[in-house]
């Protein structure tokens, strides 16, 4: 029994909504996969927030019509298509699909679309080689922690540096003060000697 017009409209509306939340769409040839294998693929993709849609090319064609972001998908609409619609963690999604493909050896990646650009298999592979979202978060957190540690160490060193600087100024002032005292003492002694000499001459 074929789908009714209402069923088709619901499918197209669902595809449009999912595409609006996606950053990357991959198209794979899934002919030969069993129901359990499709279920396994969906399970592998779930952690990355990716949705696997198995639908007719004509319905996907209607969903992407007049949408500049996704229209390039039309070049990949042939044969038995499954669509992997990725929200944001495309690296993890691609790795999950690649692991599935190695395990089943039944699928073929036709390509994908991202930001209105048609991607070939090498392009998709390059995206998959990038760090995952979790790895990026860990790297950023590590960099922030390292910076915070450096700042903390620098702040801890400030009191010591300040104390050393104050001590140096104090030592310098004390040294200068002693010199001035010695000079004053020498001047007093010289004046006393001069007065004594004058008194002796007068006698």
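The values are calculated or read from the model by the stated rules, or taken from the named source; none is laboratory data. Because the structure is a prediction, the values reported are computed rather than measured. Don't worry about glycine lacking a Cβ; one is built from the backbone with ideal geometry, like all the others, and counts go over all protein chains shown.
Scoring residue 21 on the criteria (1) more than 21 Å from residue 108 (Cβ to Cβ); (2) touching a residue at least 12 places away in the same chain (Cβ under 8 Å); (3) in contact with a helix residue (DSSP H, G or I) (Cβ under 8 Å, 6 or more places away or on another chain) leaves a single failure, condition (3). Meeting the requirement of 2 or more residues that are closer than 22 Å to residue 124 by Cα and within 29 Å of the chain's Cα centre (by Cα), the helices (runs of 4 or more DSSP H) wholly within the range 1-94 are 5-20, 35-45. Consider the range 60-80 and keep the residues that are out of contact with any strand residue (DSSP E or B) (no Cβ under 9 Å at 6 or more places or on another chain) and within 16 Å of residue 20 (Cα to Cα). The one that is modelled with the lowest pLDDT is 66. The number of residues in the range 83-105 being out of contact with any strand residue (DSSP E or B) (no Cβ under 9 Å at 6 or more places or on another chain) and within 18 Å of residue 54 (Cβ to Cβ) comes to 2. So which residues in the range 104-116 are touching a residue at least 12 places away in the same chain (Cβ under 8 Å) and either within 24 Å of the chain's Cα centre (by Cα) or over 23 Å from residue 15 (Cβ atoms) (or both)? Hits for the range 104-116 are 104, 106, 112, 113, 114, 115, 116.
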